[in-house]
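Comments concern the structure below.
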């Protein structure tokens with residue numbers, strides 16, 4: 001749980017940087033998250049949600065929380081990777097929908113809001 005709290009702080013830093021238009025450090029901070037989770041973007045983009053969750057579970061039952069963090073990193077990285085932004089957002093949406101369906105212990109308005117935001121962005125880019 002300490003890892004999840006620390007990664008949450010990194011995500012908050014990434015969001016602050018994006019909001020301040022200081023995106024230069026975002027790739028390094030995203031890599032910190034990936035390294036801590038022992039994954040990379042390619043694993044997330046190519047994997048099935050249940051397999052990703054199983055891998056991220058690490059035997060402590062916190063796979064869903066780690067998956068939500070990974071999805072948030074994808075969302076933030078999408079803003080920096082125009083060529084694959086749509087793919088990253090679509091995968092983040094898929095992962096968050098999986099978390100939403102499976103997480104019976106936590107109700108997250110933030111997660112619901114992010115899902116709605118992603119749906120809107122994906123609709124815009126589909127045109």
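Is at least one residue of segment 5-21 at pLDDT below 90, more than 22 Å from residue 99 (Cα to Cα) and assigned to a loop (DSSP other than H, G, I, E, B)?
Yes: one or more hits.
Checking the structure you have, find out if any residue of segment 69-88 is farther than 15 Å from residue 7 by Cβ, within 11 Å of the chain's Cα centre (by Cα) and either at pLDDT 95 or above or surrounded by 15 or more Cβ atoms within 10 Å (Cβ to Cβ) (or both). Lay out the reasoning, then the answer.
Initial filter on segment 69-88 (farther than 15 Å from residue 7 by Cβ): 78-88.
Now drop any that are not within 11 Å of the chain's Cα centre (by Cα), which leaves 78, 88.
Remaining after also requiring either at pLDDT 95 or above or surrounded by 15 or more Cβ atoms within 10 Å (Cβ to Cβ) (or both): 78, 88.
Yes, segment 69-88 contains a residue that is farther than 15 Å from residue 7 by Cβ, within 11 Å of the chain's Cα centre (by Cα) and either at pLDDT 95 or above or surrounded by 15 or more Cβ atoms within 10 Å (Cβ to Cβ) (or both).
Testing residue 85 on (1) without any contact (Cβ under 8 Å) to a residue 40 or more places away in the chain; (2) part of a helix (DSSP H, G or I), one condition comes back false. Which one is that?
(1)
In the list 56, 95, 114, 109, which residue meets the criterion of being surrounded by 12 or more Cβ atoms within 10 Å (Cβ to Cβ) and over 11 Å from the mean Cα position of the chain (by Cα)?
Matching residue, one of 56, 95, 114, 109: 56.
Given the conditions (1) closer than 19 Å to residue 62 by Cβ; (2) surrounded by fewer than 14 Cβ atoms within 10 Å (Cβ to Cβ), report the number of the one that residue 103 does not fulfil.
In the conditions (1) closer than 19 Å to residue 62 by Cβ; (2) surrounded by fewer than 14 Cβ atoms within 10 Å (Cβ to Cβ), residue 103 misses (2) alone.
The values are calculated or read from the model by the stated rules, or taken from the named source; none is laboratory data. Please read all numbers here as calculations on a predicted model, not as lab measurements. Methodologically, a virtual Cβ is constructed for each residue, glycine included, from the backbone with ideal geometry; neighbour enumeration extends over all protein chains shown.
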